[in-house]
Structure formats: C-alpha cells, structure tokens
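The values are calculated or read from the model by the stated rules, or taken from the named source; none is laboratory data. Because the structure is a prediction, the values reported are computed rather than measured. Note: ideal-geometry Cβ built from the backbone for every residue, glycine included; neighbour counts use all protein chains shown. When the accessible area is computed, the model is the full protein with side chains, heavy atoms only, and any ligands, DNA or RNA have been set aside. Shrake-Rupley method; radii C 1.70, N 1.55, O 1.52, S 1.80 Å.
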There are 2 protein chains.
Amino acid sequence: MKKFINHVDTLLDESLRGFAKAHADLVEVSFDPRFVRRKRAATDKVAVISGGGSGHEPLHIGFVGQGMLDAACPGQIFTSPTPDQMLAAAQAVENGKGVLFIVKNYAGDVMNFEIAAEMLDCPSETVLVQDDIALPREHDIGRRGVAGTVIVEKIVGAAAEEGKSLAELKALGDRVAENTASIGVALTGCNVPALGGPTFELPPDKIEFGVGIHGEHGREIVEFASATEIVKTMVEAIDEELRPRRGQKALLHVNGLGATTLMELYLVYELAHEFWSQEGVDICRSLVGNYTTALDMAGCSITLALLDDELIRLWDAPVHTPALRWGI
Amino acid sequence: MKKFINHVDTLLDESLRGFAKAHADLVEVSFDPRFVRRKRAATDKVAVISGGGSGHEPLHIGFVGQGMLDAACPGQIFTSPTPDQMLAAAQAVENGKGVLFIVKNYAGDVMNFEIAAEMLDCPSETVLVQDDIALPREHDIGRRGVAGTVIVEKIVGAAAEEGKSLAELKALGDRVAENTASIGVALTGCNVPALGGPTFELPPDKIEFGVGIHGEHGREIVEFASATEIVKTMVEAIDEELRPRRGQKALLHVNGLGATTLMELYLVYELAHEFWSQEGVDICRSLVGNYTTALDMAGCSITLALLDDELIRLWDAPVHTPALRWGI
C-alpha cells in the first residue's frame with residue numbers, strides 16, 4: 001500500500017497542520033484535544049458541532065465556517081473522536097445559546113457525543129443522521145449515517161446563522177434527516193493506513209451493493225453490471241424508501257467515495273436524474289463530487305433529499321467553508 | 001477494470017449530459033460539435049476558451065463560468081478535441097473583442113487549436129501552458145501543460161472580465177505561465193476505459209517521479225519513500241526552476257491526480273509549505289484538491305506560482321464555475 005505518509009501515528013496531525021495553513025483565513029485547529037473551529041467565532045447563535053472518524057474528508061472538517069459548522073472533531077481514521085474533543089470544541093465555540101451536535105449513527109460516535117453532552121454545562125441537542133438505507137430500519141444498531149450528513153449540516157448551519165433556537169434547529173435537523181436517503185456501491189475496498197491494506201477485497205466481477213463508508217458489508221455482493229443497471233437498483237431502493245410524489249422538489253447528491261472519477265459521477269447523476277424526472281420528481285438542486293469519502297474506495301453513493309421552499313432557501317444561503325462555498 | 005460506464009463510446013456524452021443538468025444554472029452543453037459554454041454569455045470582453053482531452057475533470061469544463069472561461073472543448077479521454085469544436089465554441093461566445101485560447105502543450109492540442117485559430121475570422125491569441133518541469137526546457141516536444149493550467153485560466157479569466165484587451169491578456173497569460181512550475185508523482189497508473197486497464201503499472205515498491213497527467217513517463221522510476229522524502233524531491237525541483245527570492249509571494253497548489261485522499265494532499269501541502277516557509281517564501285494563497293486529474297491515478301502534483309499584487313488581486317476576483325467559486 002503506497003500512500004503519501006510518514007507514519008500512521010503522525011498522519012492525522014501532519015494533515016491537520018496542512019489543512020490549518022491552507023485555510024488559515026477560515027479555520028483554527030486545536031491539537032490537544034483535536035478540533036477545528038471557525039477563525040472568526042460566531043456570536044449570538046446556537047453552536048453547531050459535528051465530528052467523526054477521519055478518512056471521509058472533506059466531511060466534517062471541510063464544512064467548518066460561516067453558514068455551516070462552528071466546529072468539527074476529527075477522530076483517528078475510521079475511529080470515533082473522544083468526548084474530551086467534543087467538550088473542548090463546545091466550550092470554545094458555545095456563546096450562550098446552546099450546542100447542537102450533528103452525529104452520524106455509529107455506536108462509538110453516539111456514545112462519545114452523549115458523554116460529552118452530559119459533561120457540558122449548557123443546553124444541547126443531538127441530531128442523529130441515519131440516511132443509509134442499506135440496512136433495514138429495524139436493524140439492531142439502526143441505520144448508518146453517510147453522505148446525507150452534508151445536507152443536514154448545510155441546512156441546519158444556515159438556520160443557526162439566521163438565529164433559530166436550539167429546539168427549532170433540532171426539529172429542523174430531524175426533519176431533513178428523515179427526508180434524506182442514501183445508498184452506496186463499492187467497486188473496490190479501501191486501503192486503511194493502520195492495516196497496511198484494504199478492509200475487504202471484491203473479485204473483479206463483483207460489486208458491493210449498499211456498502212458503508214468504512215467498507216461495512218452492505219445488502220449483498222452482486223455481479224458487476226452496466227452503469228444503467230447499477231444506478232437503477234440504487235435509485236429504486238431510494239425511491240421505495242422516500243416515495244416522492246409527482247412535483248416533489250428534491251436535491252440529488254452523487255458522492256464519490258474516493259477513487260471514482262468526476263466523469264463517472266456525472267454519468268451516474270445523469271442516470272439518476274433521468275429516473276426521477278420520469279417519475280415527475282423536480283430535481284431542483286444538485287451536488288456532485290467527493291464530499292463524504294471512504295479513503296480511496298472506488299465507488300459512489302446516491303442521496304436524495306426531499307425539499308420544500310424553506311429547505312431550498314436554507315440550502316441556497318451563503319456558505320464559506322474550505323469545501324463548500326457560495327454567495328460569499 | 002470496474003467503472004460506472006455503459007459503453008466506452010457513450011461515456012463522454014452521458015457524462016456531459018449529467019454535467020449539463022447538474023449545473024444548468026451555469027452552463028450549456030453543445031454535443032455536435034462538443035463544447036461547454038456559459039449559460040449567460042458575457043458581452044464586451046475577450047472570449048477565453050480552453051479545452052483538451054477528457055479524463056482530467058474538473059479541468060477544463062468545470063472552469064466555465066463568470067470570472068474564468070467562456071467555453072471549453074472536451075475531447076475524448078486523453079485525446080485532443082478537434083478544430084471544429086474550438087471553432088464552434090469561438091463562434092458561439094466571441095463578442096467582438098477576439099478570442100484567447102489557453103492550450104496545454106501537447107502536440108495534438110497545439111495543432112488543433114492552431115487550425116481553429118486559422119479558420120476563425122476574428123483576432124485570436126494563444127497562451128501555451130508548459131508548467132511541467134519533469135522534462136528539460138529544451139526537450140524536443142517541449143514541456144507538458146499540467147496542473148498550473150487552472151491558475152492561468154483563473155487569472156486570465158479574471159482579467160478578461162475586467163475588460164483587458166487581447167494583447168494584454170496574452171501578455172498576462174504568458175507571464176503567469178512562465179512563473180508557474182509543477183511536478184507530479186504517480187503511486188499507481190490509471191485505468192483508461194478504452195484500454196480496459198492501466199496505462200502502465202508500477203511495482204509495489206516504486207513510484208514514478210515526474211509523471212504526466214496521462215501517465216507519461218517522467219524523470220525516473222524511484223523507490224517508494226516517506227512523504228517527507230518524496231515531497232522534498234518535488235519541491236527542490238520546483239525551487240531550482242523558479243528560484244523564488246526571500247519575501248516572494250506565491251500560490252501553492254497541491255493537486256490530486258484522482259485516487260489520492262484529501263488527508264494525504266493536506267499532508268503534502270504541509271510539507272511543501274514548511275519547505276518554502278523556511279526559504280522565506282510567502283505562501284499567501286493555496287489550492288488543495290482534485291483539479292487536474294489523470295482519471296483514477298493515485299498520486300499528486302505540486303505547483304508553485306509566483307505572484308505579485310496584480311496577480312493576487314486577479315486570483316482573488318469573484319469566480320462562479322462548477323468547480324471553483326468564491327465571491328459570488
């Protein structure tokens with residue numbers, strides 16, 4: 001496994017140092033404990049904080065900035081951050097209106113954010129993102145949080161900027177999360193530096209349908225097929241879950257898992273757009289690119305988020321972060 | 001080779017259709033002949049047009065929009081576009097002030113852009129980008145154009161928007177191109193759909209120093225080493241070429257070639273930044289991410305562009321394209 005690294009133990013901090021320098025106008029990085037915060041602290045608003053294992057960049061650190069997150073806590077690769085990170089981040093950015101945590105549904109993240117919330121001496125709420133429909137709703141650890149997280153973070157971040165209360169943001173975040181569904185497909189595994197190789201291997205003629213962003217097993221390993229056939233299975237699964245009505249406005253997000261070209265992602269977008277257009281769904285917003293990666297996995301996910309006028313307005317609101325920027 | 005494609009012959013058009021839909025607010029795509037143009041045509045300015053083989057996305061089509069390109073002509077993967085594409089694009093966007101072509105130095109591109117310029121019945125100039133220092137300056141086909149192209153396109157695009165003349169833009173583009181140097185390193189080859197596999201293969205313990213963005217052979221195949229050692233070789237090569245003085249302002253661009261994680265790119269940025277900071281160079285602007293890719297190659301390039309106050313102002317000027325956006 002060839003990577004641009006010096007040592008597994010120093011990779012995260014060396015990378016964060018580069019991130020801090022490349023975006024010195026926007027963010028500040030604390031190293032002990034590790035968190036990324038806005039350079040210009042927001043005042044008089046609920047602090048919106050997320051975090052999770054590293055290896056999914058730009059999620060979450062790339063979304064810290066005006067109109068989105070106030071802080072993000074990066075764990076080691078594919079490893080939850082620890083409660084002291086969330087606690088320190090919250091203490092650094094909280095400004096009297098409370099803290100909203102946006103947490104992807106993984107056992108370690110959920111537990112550690114809960115511990116941090118209990119230790120925090122200010123009001124807090126948590127929005128749990130579980131948009132990955134690969135697992136059934138009643139699965140014993142619930143559904144995983146994947147690429148839909150960026151949509152929750154963008155919309156909730158914009159509403160926080162407008163001065164919405166902690167209770168309003170919690171309700172808004174839950175509403176976005178409930179109306180967002182994702183499914184991923186892996187063409188290859190991903191190489192984890194600490195393992196020195198891939199988490200899993202797929203035969204040349206097989207793909208993993210419903211893969212998670214750490215290479216977790218999905219619904220099934222199926223035959224490799226044409227893009228049209230693969231995308232059809234993906235969008236039908238999402239469509240069955242969300243059941244958008246004709247005329248429903250929606251955001252279509254095609255996310256690269258790391259090693260898949262933009263050419264392919266736009267082709268996937270075209271096929272998914274075609275499907276929903278024929279169903280009468282109004283795909284009025286789009287996001288195509290690598291936003292929630294799984295290190296260097298070849299593969300992609302499709303996310304559909306049902307929108308209304310309020311959510312469209314919040315999606316369109318100005319944002320200025322390292323990885324997502326418009327209107328500023 | 002597993003990819004999200006239906007057929008090699010339809011990949012480009014299916015992808016362009018998705019690109020057109022995902023960015024319908026910004027661009028329009030013509031399919032016969034193929035070019036991408038701004039949706040809202042600019043008036044009273046020099047038309048800035050680029051193009052080249054596909055497989056390097058977001059370059060060039062992702063840079064069409066206000067403040068950057070007026071049009072871009074995508075060829076098939078790793079294949080020059082044909083003169084009729086540049087001609088049709090120029091006729092579509094030229095508005096009385098002439099056309100500036102920005103061309104990466106590859107024999108096919110140079111020839112085809114020249115033919116188009118001759119067929120065009122309006123004034124035109126060409127800026128040739130040859131920032132890849134892997135080959136010696138006196139190499140018989142000259143040096144290749146690689147990741148520095150995005151910097152030329154951004155700065156020239158901003159100046160065109162300000163109303164600069166064709167002659168001024170030609171001089172400006174040449175000045176930026178001459179003060180920009182890049183070097184790439186491949187950890188793996190890239191999978192070309194028409195070949196059904198990689199252009200070249202590297203043993204597990206070897207890397208290609210000075211690789212081109214189509215997998216062209218570079219300076220030499222060397223032993224895989226630590227990020228610090230690899231980056232040291234890269235930045236020393238650039239430093240020797242540009243010889244920045246102490247206090248020199250510069251833009252540092254770390255570009256992913258396709259399958260390399262952002263974590264690694266920021267780590268490379270950190271090491272390169274450290275080197276030039278110690279040399280007294282003022283790295284005042286940065287760009288980190290996948291901007292000039294080589295399909296799914298694992299690897300990266302480092303680009304240094306020497307800046308002055310005018311170039312900084314033009315780099316910072318508002319831009320609104322699918323892949324680069326700020327200030328709007």
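What do you reckon, is residue B:97 among the basic types (Lys, Arg) and crowded, with 24+ Cβ neighbours inside 10 Å? Step through it out loud before you land on a result.
Values: among the basic types (Lys, Arg): yes; crowded, with 24+ Cβ neighbours inside 10 Å: no.
So residue B:97 fails the test.
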If only one of B:114, B:125 is among the acidic types (Asp, Glu) and in a helix (DSSP H, G or I), which one is it? B:114
Of the residues A:275, A:224, only one is among the aromatic types (Phe, Trp, Tyr) and within 15 Å of residue A:209 (Cα to Cα); which? A:224
Those residues that are modelled with pLDDT of 95 or more and either open to solvent by less than 30 Å² (accessible area, probe 1.4 Å) or in contact with a strand residue (DSSP E or B) (Cβ under 6 Å, 6 or more places away or on another chain) (or both), I need them from the stretch A:123-142; list them, please. A:124, A:125, A:126, A:127, A:128, A:129, A:131, A:132, A:133, A:134
If you go through the stretch B:256-272, how many residues are facing chain A (nearest Cβ under 7 Å) and assigned to a helix (DSSP H, G or I)? 8
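Here's a check for you: in the stretch B:11-29, which residue that is assigned to a loop (DSSP other than H, G, I, E, B) and facing chain A (nearest Cβ under 9 Å) is nearest to the chain's Cα centre (by Cα)?
So the first thing to find is which residues in the stretch B:11-29 are assigned to a loop (DSSP other than H, G, I, E, B), and the list is B:23-26.
This time we only want the ones that are facing chain A (nearest Cβ under 9 Å), so: B:23-24.
Numbers: B:23: 20, B:24: 23 Å.
The residue in question is B:23.
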Those residues of the stretch A:291-322 which are touching a Leu at 6+ places or on another chain (Cβ under 8 Å) and either free of Cβ contacts under 8 Å to residues at least 12 places away in the same chain or open to solvent by 30 Å² or more (accessible area, probe 1.4 Å) (or both), in sequence order: A:291, A:322
Flagged in the stretch A:1-10 as among the charged types (D, E, K, R), open to solvent by 30 Å² or more (accessible area, probe 1.4 Å) and facing chain B (nearest Cβ under 7 Å), in numbering order, are A:2
Among the residues of the stretch B:214-247, the number that are open to solvent by less than 20 Å² (accessible area, probe 1.4 Å) and more than 22 Å from residue B:295 (Cβ to Cβ) is 5
When you check residue B:84 against the structure, is it closer than 30 Å to residue A:285 by Cβ and either of a type in the set (D, E, K, R) or assigned by TED's automatic domain parsing to the domain that holds residue B:172 (or both), yes or no? no
Specify the residue that is farthest from the chain's Cα centre (by Cα); the eligible residues are those in the stretch B:261-272 that are open to solvent by 10 Å² or more (accessible area, probe 1.4 Å) and either farther than 11 Å from residue A:5 by Cα or among the hydroxyl-bearing types (Ser, Thr, Tyr) (or both). B:270
Take the conditions at the interface with chain B (Cβ under 7 Å from one of its Cβ atoms) and either at pLDDT below 95 or not in a strand (DSSP E or B) (or both) and apply them to residue A:230. Does it pass? yes
Looking only at the stretch A:286-328, count every residue that is assigned to a helix (DSSP H, G or I), of a type in the set (D, E, K, R) and away from chain B (no Cβ under 13 Å) and tell me the total. 3
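Of these, B:59, B:87, which one is within 14 Å of chain A (Cβ to nearest Cβ), modelled with pLDDT of 95 or more and open to solvent by less than 30 Å² (accessible area, probe 1.4 Å)?
Details: B:87 fails: within 14 Å of chain A (Cβ to nearest Cβ).
Checking each option against the conditions leaves just B:59.
Would a scan of the stretch A:273-285 turn up a residue that is assigned to a strand (DSSP E or B), over 16 Å from residue A:133 (Cβ atoms), open to solvent by 20 Å² or more (accessible area, probe 1.4 Å) and at the interface with chain B (Cβ under 9 Å from one of its Cβ atoms)?
Step one: filter the stretch A:273-285 for residues assigned to a strand (DSSP E or B), giving A:282-285.
Of the ones still in play, those that are also over 16 Å from residue A:133 (Cβ atoms) are A:282-285.
Then drop every residue that is not open to solvent by 20 Å² or more (accessible area, probe 1.4 Å), which leaves A:282-285.
Retained after the next criterion (residues that are at the interface with chain B (Cβ under 9 Å from one of its Cβ atoms)): A:283.
Yes, the stretch A:273-285 has at least one match.
Would you mind stating whether residue B:45 is open to solvent by less than 40 Å² (accessible area, probe 1.4 Å), among the charged types (D, E, K, R), at the interface with chain A (Cβ under 8 Å from one of its Cβ atoms) and assigned to a loop (DSSP other than H, G, I, E, B)? Show your work before the answer.
Details: open to solvent by less than 40 Å² (accessible area, probe 1.4 Å): yes; among the charged types (D, E, K, R): yes; at the interface with chain A (Cβ under 8 Å from one of its Cβ atoms): no; assigned to a loop (DSSP other than H, G, I, E, B): yes.
Against the criterion (open to solvent by less than 40 Å² (accessible area, probe 1.4 Å), among the charged types (D, E, K, R), at the interface with chain A (Cβ under 8 Å from one of its Cβ atoms) and assigned to a loop (DSSP other than H, G, I, E, B)), residue B:45 does not qualify.
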Residue check for residue B:50: outside any loop (DSSP other than H, G, I, E, B) and either out of contact with any helix residue (DSSP H, G or I) (no Cβ under 7 Å at 6 or more places or on another chain) or more than 11 Å from chain A (Cβ to nearest Cβ) (or both): yes
Residues in the stretch B:24-37: is at least one under 20 Å from residue B:154 (Cα atoms) and touching a residue at least 60 places away in the same chain (Cβ under 8 Å)? yes
What is the number of the single condition among (1) of a type outside the set (Gly, Ala, Ser); (2) open to solvent by 10 Å² or more (accessible area, probe 1.4 Å); (3) out of contact with any Cys (no Cβ under 9 Å at 6 or more places or on another chain) that residue A:35 does not meet? (3)
For residues that are of a type in the set (Lys, Arg), within 13 Å of residue B:48 (Cα to Cα) and either free of Cβ contacts under 8 Å to residues at least 12 places away in the same chain or part of a helix (DSSP H, G or I) (or both), tally how many sit in the stretch B:141-178. 2
